[in-house]
1. Counting other beta carbons within 10 Å of each Cβ, put THR72, THR124 in order, fewest first.
2. Could you sort 145-155, 92-102 so that the peptide with the highest average Cβ count within 10 Å comes first and the rest follow in order?
3. Roughly speaking, what is the stretch gain from HIS107 to HIS69, that is 0.36 nm per residue apart minus the C-alpha to C-alpha distance, in nm to one decimal?
4. Enter the mean projected area of the convex hull around the alpha-carbon atoms of the stretch 52-168, in nm², rounded to one decimal.
5. For the pair SER134 and ASP160, how long in nm is the line joining their label points, each one 7 Å along Cα→Cβ?
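Taken together, the values in this text are just the output of simple stated rules run on the coordinates, not laboratory data. The structure presented is a predicted model; accordingly, all values stated were derived computationally and were not measured. With ideal geometry, Cβ positions are generated from the backbone for all residues, glycine too; neighbour counts draw on all protein chains shown.
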Amino acid sequence: MAARPAWWQAAAVVLGAGLLVAACSSGSTTTSGGASAPATSAAASSPAAPPSANAALCADAAALRASLHNLTSISVSKSAVTEIKTNLADVQSKLNALTAQARGQWHAQTSALKDSLDKLKTATSSLAANPGVSTVSDVVTALGGVSTAASNLLAAMSTDCPSASPSASA
């Protein structure tokens, strides 16, 4: 019984994400432009359909991009440690969701981003324990690594999710 409500919640999330992506797309429609009602019912009846999966993947990519922007826009200082840790946890959560949805696609890029996030986590812990010029510099360097890895991932995804643009994360 518990699986059925979870399935409906997942279907609702996928459908909502698909509608969000369709509403936010830049105007290039794929198949039949005026047939939004049949597309919606098709997505509801088969939640594993590729367009729905792609919509969910693109929604995850957009969420990750927004979280990355928040993380990489922080001014690094001793007083920013809590903000960095909070945004870092959010990015890790969004990346985990994207990785699960991608099912191995862009493995090299997602692994590189995970590694850079781990380095940032270590550098941020060092900054919290021993604030100073060198630990601030280490966090700035680690954030640069996150930004580069994020740009590489978003660029790789841009063919499948055109809204995933690396420029927003840098």
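1. Details: THR72 19, THR124 22.
Fewest-to-most Cβ neighbours within 10 Å comes out as THR72, THR124.
2. The packing order, highest mean first, is 145-155, 92-102.
3. Once the chain is fully extended between HIS107 and HIS69, it gains 11.5 nm.
4. 6.3
5. If labels sit at SER134 and ASP160, their model points lie 4.3 nm apart.
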